[in-house]
Amino acid sequence: MNLSFRWYGESDPVTLDAIRQIPGVGGIVSALYDVAPGVAWTADAVTSLRERVEDAGLALTCIESIPVPEGVKLGTDDRDRLADAWCASVEAVGGAGVPVVCYNFMPVFDWTRTDLHRPLPDGSEALAYFEGELAEVETALASGGLPGWMDAHSPDDLRRLFAAYAEVDTERMWDHLGWFLERAVPAAEAAGVKLAIHPDDPPWPLFGLPRVVTSAAAFGRVCDLVDSPANGVTFCTGSLGADPQQAPGLAADAARLAGRGRLHFAHLRNVAHVPTPGGADGAGRDFTETAHPDGDVDLAAVVAALKSAGFDGPLRPDHGRQIWTERDNSDVRPGYGLYDRALGATYLRGLWDAATPPRS
């Protein structure tokens with residue numbers, strides 16, 4: 001595996017110099033964050049990003065991500081133009097020598113939490129999702145007082161998108177994903193790029209929107225839509241592991257997908273499921289993110305499965321807690337501070353080394 005770290009560009013308070021000091025981390029996962037969805041990337045722009053990373057003594061191992069425009073997910077009249085621009089971006093990534101593109105097919109929101117600063121017993125803070133608090137988010141949708149994770153869309157945009165998605169059920173969403181992959185996968189093959197779809201986060205329906213990439217079985221269906229080695233997945237233990245029914249089987253799922261040659265990128269993080277008192281609606285869906293060694297996902301088993309399957313792609317610690325001085329620092333992006341992700345990286349490196357048979 002290629003131990004990597006996400007970097008949000010020059011505006012990121014976590015610098016490349018700091019990342020380079022994390023033992024074992026040699027790769028960077030990043031993107032062109034100033035290019036709007038639906039606008040084609042250029043090879044020169046991706047090459048400039050790659051060279052900036054290389055100048056810091058690191059390698060650009062994955063693009064995360066090229067956003068899929070809502071028109072493609074909705075199947076609007078301009079989806080051909082939008083898909084062509086997306087494919088041109090993939091070609092630019094390949095032309096710049098970057099091997100993997102992570103993307104998602106989540107409608108409107110690419111992740112959802114009800115709390116960005118949930119206090120944990122150890123005094124740190126973490127991202128959290130509590131089903132009973134989702135009503136407050138829905139109220140914000142109607143009022144325009146949107147929480148931070150929704151600020152990519154204006155209230156008017158959200159109302160328009162929700163109305164449009166009311167006409168798209170789950171199977172139609174699958175049809176739109178298949179249509180997209182029939183165009184994107186050949187472009188990726190020609191560019192020498194592997195596509196890695198990220199699962200929906202969390203992996204269940206929200207706000208009545210059609211969400212389809214919600215399980216390892218759904219990963220298999222994605223791979224079958226266009227049967228090509230270039231059509232693969234991002235295995236995110238935190239997204240899939242948020243479902244307590246899926247968490248115990250993640251190591252076996254990882255082994256199966258990696259053995260098929262379709263696991264191109266790995267996000268490894270942990271979650272703790274919070275029981276709902278009295279078994280009310282939403283039981284089993286409450287969770288907090290945790291330190292990498294804690295929680296209900298057996299990361300040691302997942303790493304061992306990846307190692308055994310010969311996984312050699314980029315792997316990064318995913319979200320971290322806000323710990324130490326970062327807890328009180330408003331400049332720190334929730335989930336993406338330096339300290340806890342660095343701890344996670346060293347933990348994952350240790351798991352990988354421990355899974356390697358001792359030399360004779």
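The values are calculated or read from the model by the stated rules, or taken from the named source; none is laboratory data. Computed from a prediction, not measured in an experiment: that's the story for all the values here. No Cβ is skipped: glycine too gets one built from the backbone with ideal geometry, and neighbour counts run over all protein chains shown. These area figures cover heavy atoms from the full protein model, side chains too; ligands, DNA and RNA do not enter into them. Shrake-Rupley method; radii C 1.70, N 1.55, O 1.52, S 1.80 Å.
Provide a single number: the residues in segment 29-59 that are open to solvent by less than 50 Å² (accessible area, probe 1.4 Å), part of a loop (DSSP other than H, G, I, E, B) and either closer than 20 Å to L315 by Cα or at pLDDT 95 or above (or both).
The initial filter retains those residues of segment 29-59 that are open to solvent by less than 50 Å² (accessible area, probe 1.4 Å), namely 29-32, 35, 38, 40-41, 43, 45-47, 49, 53, 56, 58-59.
Remaining after also requiring part of a loop (DSSP other than H, G, I, E, B): 31-32, 35, 38, 40-41, 56, 58.
So of that shortlist, the ones also either closer than 20 Å to L315 by Cα or at pLDDT 95 or above (or both) come out as 31-32, 40-41, 56, 58.
Final tally of qualifying residues: 6.
Take the conditions within 19 Å of V101 (Cβ to Cβ) and either in contact with a strand residue (DSSP E or B) (Cβ under 7 Å, 6 or more places away or on another chain) or surrounded by fewer than 15 Cβ atoms within 10 Å (Cβ to Cβ) (or both) and apply them to G26. Does it pass? Give the derivation first.
Working: within 19 Å of V101 (Cβ to Cβ): no; either in contact with a strand residue (DSSP E or B) (Cβ under 7 Å, 6 or more places away or on another chain) or surrounded by fewer than 15 Cβ atoms within 10 Å (Cβ to Cβ) (or both): yes.
The answer is no for G26.
Would you point out the residue of segment 319-334, among those that are free of Cβ contacts under 8 Å to residues at least 60 places away in the same chain and exposed (fewer than 11 other Cβ atoms within 10 Å of the Cβ), that is nearest to the chain's Cα centre (by Cα)? The residue in question is S330. Take V93 and decide whether it is touching a residue at least 40 places away in the same chain (Cβ under 8 Å), surrounded by 19 or more Cβ atoms within 10 Å (Cβ to Cβ) and either in contact with a Gly (Cβ under 8 Å, 6 or more places away or on another chain) or more than 21 Å from N231 (Cα to Cα) (or both). No; evaluated as a whole, the condition is false for this residue.
Could you please let me know if R172 is touching a strand residue (DSSP E or B) at 6+ places or on another chain (Cβ under 9 Å), farther than 15 Å from C102 by Cβ and open to solvent by 10 Å² or more (accessible area, probe 1.4 Å)? Spell out how you get there, then give the answer.
Values: touching a strand residue (DSSP E or B) at 6+ places or on another chain (Cβ under 9 Å): no; farther than 15 Å from C102 by Cβ: yes; open to solvent by 10 Å² or more (accessible area, probe 1.4 Å): yes.
It is false that R172 is touching a strand residue (DSSP E or B) at 6+ places or on another chain (Cβ under 9 Å), farther than 15 Å from C102 by Cβ and open to solvent by 10 Å² or more (accessible area, probe 1.4 Å).
The set of residues in segment 293-314 that are buried (at least 21 other Cβ atoms within 10 Å of the Cβ) and either under 18 Å from L338 (Cβ atoms) or out of contact with any Ser or Thr (no Cβ under 7 Å at 6 or more places or on another chain) (or both) comprises G295, V303, A305, L306, F311, G313.
Of the set (1) touching a residue at least 40 places away in the same chain (Cβ under 8 Å); (2) more than 20 Å from L315 (Cα to Cα); (3) of a type in the set (A, V, I, L, M, F, W, C), all apply to A196 but (2).
Just checking, which of A247, A216, A258 is under 19 Å from D312 (Cβ atoms) and among the small types (G, A, S)?
Details: A247 fails: under 19 Å from D312 (Cβ atoms); A216 fails: under 19 Å from D312 (Cβ atoms).
Checking each option against the conditions leaves just A258.
Could you check, for segment 60-71, whether at least one of its residues is modelled with pLDDT of 95 or more, surrounded by fewer than 18 Cβ atoms within 10 Å (Cβ to Cβ) and closer than 24 Å to L348 by Cα? No, segment 60-71 has no match at all.
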